[in-house]
Amino acid sequence: MGRSIGERPVSFGGEYFHRLSNRHYRVADGVMLRYQLDGQKQRINEIEKRVDFAIGSGNHAVTYVHRTEQGRLLELPLSWYRTLNGWGMSPGYDSPVHQDMRREISDACLFCHAAYPVSREARARPKSIDCARCHGGAQAHLKRPEKGTILNPSRLPAARQLEVCLQCHLETVSQGIADSFRQPGREVFTFRPGESLESYKVYFDRADAAEPRFEVNHAGYRMLQSACYRKSSGKMTCTTCHDPHTARARNACADCHALVKHTRQVDTNCAECHMAKRATNDAPHVTMTDHWIRVKPVEPKADHTAYPGPVISFYTKADVDTLAMANIRTPNAEAVAIYEKRLAKDGKDIGARAALANTLLRLGRRDAAVAEAERVLRLEREHVGALLTLGVARAMAGDHAQALAAFERARRANPDHALIWLNLGVTHAAMGKRDEAERAFREAIRLQPDFAEARQRLAELGR
Ligand code: HEC
Ligand code: HEC
Ligand code: HEC
Ligand code: HEC
Ligand code: HEC
Ligand code: HEC
């Protein structure tokens, strides 16, 4: 965990062709380059990004990160995998359509992979997980370096000890549904070891069978479902087996299972049979230890289809309104009411307000959408989602100048966002500015070669 962020990444290079998305990549001199080849084998749609740092120690994988001029962090599409001893597509990228060089690394990623940031600048240059993430602040301890002036997790009740680890090691599903929501009023980096996880966050899960799903960050999720945890009144924590500082696991089964009769002679490596290592569903080329301790492991099966079913609480208990929010699937009047209820409790929930603005827009309630988007922008000046909602609402009202202003503002905040360029193009075209429109559509295509609508709009321009 002390190596969770690499500040001096790629010294090695390489080439990689991703057949599914027809993209070529090259890594050299600290730069990742992407291009395609046209019919004459000429390079087109080239994009180049400097590699600024890396996430992942390389125990399993290393993912590379680019820091934009605006201080945004972008996940790069190639990762290095230990099992391949080479390059592969980053988790979630091994498909014909992927986010390429446009996927933002959010504060939520950094919450699990980095030290607490002390400033905005520190968010753009994160540091590896440090003592404070498990021991809390050390100021009092540095003033008076003695026992009792710093948190020792071993003195906490078992559930709080467990949650020191679960703050980062609990994830139920990485795709398809919202895995968790923070409680009203809680900012990302405000969880402190020793407090209850539920006071910070509530978790959700799919309601269908959990057994076959197995993901990279599933140690906590799977352990919590084990009979060993459920039937030992919560006595089992991560440190029952792991040393928190070296991460090494000891064979702790005998603590609770003194005499186990097996039908045939078994050796002492209990985990080998009861905690099998297996491939994960959500990341390619990665093998993890299944922490769902059981007599006979159930083989996981990859399931990438969208999950249409209900979402339920997991480990923590969400109130009715929060659970309703996790279950929103379509932009309808009911969704509006749910977001409004949430915002009455926490007016600063930017995510809920931006979603409300977008829902109102999709319901054709333009004025209300504009009002909500503007409220979001008062909380976060460059919120790209709100700027897009605002621009589209203005354009629908025929106010192209105002729409253009909103899209330009979004572009300055995030020039790597293909959808912004598409909207710029559409607006220029509506204003009769065909050259500007063409330039914008071409930039959208360069950023996202599979962007069908941008190609179609360009064709409609006759260019
Ligand atoms: C701030 C978030 C965070 C907290 C808190 C945290 N972990 Fe981790 N842990 C991580 C991340 C991220 C990794 C993967 C690091 C990597 O390999 O890049 C990791 C890796 C590990 C590993 C695998 C290490 C290896 O060498 O293979 C173990 C075991 C582990 N953590 C156990 C724990 C335990 C036990 C606790 C609680 C005492 C804990 N973690 C608390 C984020 C966290
Ligand atoms: C809820 C916490 C959490 C979030 C959010 C999260 N991760 Fe992780 N991630 C982990 C933990 C814990 C591990 C280690 C899992 C293990 O070793 O079993 C991990 C593993 C990884 C690894 C493999 C590291 C290695 O060698 O073991 C990479 C790369 C990675 N994450 C990147 C990301 C990126 C990029 C994001 C944001 C898009 C992200 N993660 C979001 C907790 C998280
Ligand atoms: C991943 C979480 C985690 C991180 C990071 C971490 N610790 Fe700990 N630390 C623990 C836990 C859990 C315990 C209690 C161990 C136990 O159960 O006996 C502990 C105990 C200790 C103790 C008491 C040791 C003892 O034998 O009683 C010291 C000293 C300590 N940590 C120092 C540090 C320092 C210094 C750092 C940073 C370099 C650090 N820890 C980082 C989780 C962590
Ligand atoms: C904190 C105590 C504790 C530890 C440590 C522990 N277990 Fe358990 N385990 C239990 C309890 C309690 C049960 C439930 C027994 C029952 O149902 O009567 C259980 C059940 C099981 C079962 C049956 C599972 C099922 O689904 O029916 C297996 C297999 C098992 N443990 C293996 C292990 C192995 C292997 C280890 C070490 C890797 C281990 N346990 C560590 C407490 C523990
Ligand atoms: C019953 C014992 C046991 C408990 C409890 C346990 N682990 Fe593990 N864990 C293991 C074993 C065994 C391995 C494999 C170690 C190895 O291969 O060297 C492992 C490996 C890991 C790894 C390395 C990546 C992987 O999946 O192979 C991570 C991360 C991890 N555990 C996190 C946790 C967290 C977080 C908790 C608490 C939620 C936890 N473990 C509780 C036994 C345990
Ligand atoms: C070679 C694989 C293997 C190893 C190693 C192994 N087990 Fe088992 N274990 C099994 C199988 C298979 C069963 C199902 C019962 C049987 O056929 O013996 C089982 C059953 C169990 C049960 C459930 C008993 C019940 O009544 O439901 C527990 C608990 C258990 N093992 C614990 C352990 C512990 C602790 C160790 C390490 C000392 C261990 N096992 C090592 C394969 C193994």
Fully extended contour minus Cα-Cα distance, from Ser313 to Asp94, at 0.36 nm per residue: 75.8 nm
Contact order normalised by residue count of the chain, Cα under 8 Å, 6+ apart, percent: 10
Cα-based Rg / Dmax (Å) for the chain: 24.5, 82
Gain on full stretching of the segment that runs from Lys348 to Gln139 - 0.36 nm per residue minus C-alpha separation: 72.3 nm
FRET efficiency, 1/(1 + (r/R0)^6) with R0 56 Å, evaluated for Ala333 and Asp38 via beta carbons: 0.70
Over 32 Å (Cα to Cα) - which of Lys41/Lys277; Lys127/Lys296; Lys235/Lys317; Lys201/Lys301; Lys127/Lys277; Lys201/Lys261 fall in this group: Lys41/Lys277; Lys127/Lys296; Lys201/Lys261
Region 329-461 - percent relative contact order, Cα under 8 Å, separation 6 or more: 14
Region 201-270-region 149-199 distance, computed between alpha-carbon centres (Å): 18
Compactness index (Cα Rg / 2.2 N^0.38 Å), region 5-124: 1.07
Mean Cβ count within 10 Å, highest first, over the residues of peptides 305-314, 140-149: 305-314, 140-149
Which of Leu447, Leu390 has the fewest Cβ neighbours within 10 Å, and the rest in rising order: Leu447, Leu390
15 Å tail of the calculated P(r), region 144-221, as % of Cα pairs: 63
20 Å tail of the calculated P(r), region 329-461, as % of Cα pairs: 47
Per-residue Cβ neighbour rank within 10 angstrom, fewest leading, Met288, Met89: Met288, Met89
Spherically averaged projected area of region 206-308 from its Cα convex hull (nm²): 8.1
Highest average packing first - 407-416, 162-171, 265-274, Cβ atoms within 10 Å: 162-171, 407-416, 265-274
Whole-Å distance, taken between Cα centres, linking region 89-108 and region 388-463: 22
Length added when fully stretched, Asn22-Glu46, from 0.36 nm per residue minus Cα-Cα: 7.4 nm
Quotient of Cα Rg and 2.2 N^0.38 Å for region 302-376, N being how many residues it contains: 1.21
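We did not get these values from a lab; they are worked out from the coordinates using the rules stated. Owing to the predicted nature of the structure, the values given are computational and were not obtained by experimental measurement. Please note: Cβ atoms are built from the backbone with ideal geometry, for glycine as well, and neighbour counts cover all protein chains shown.
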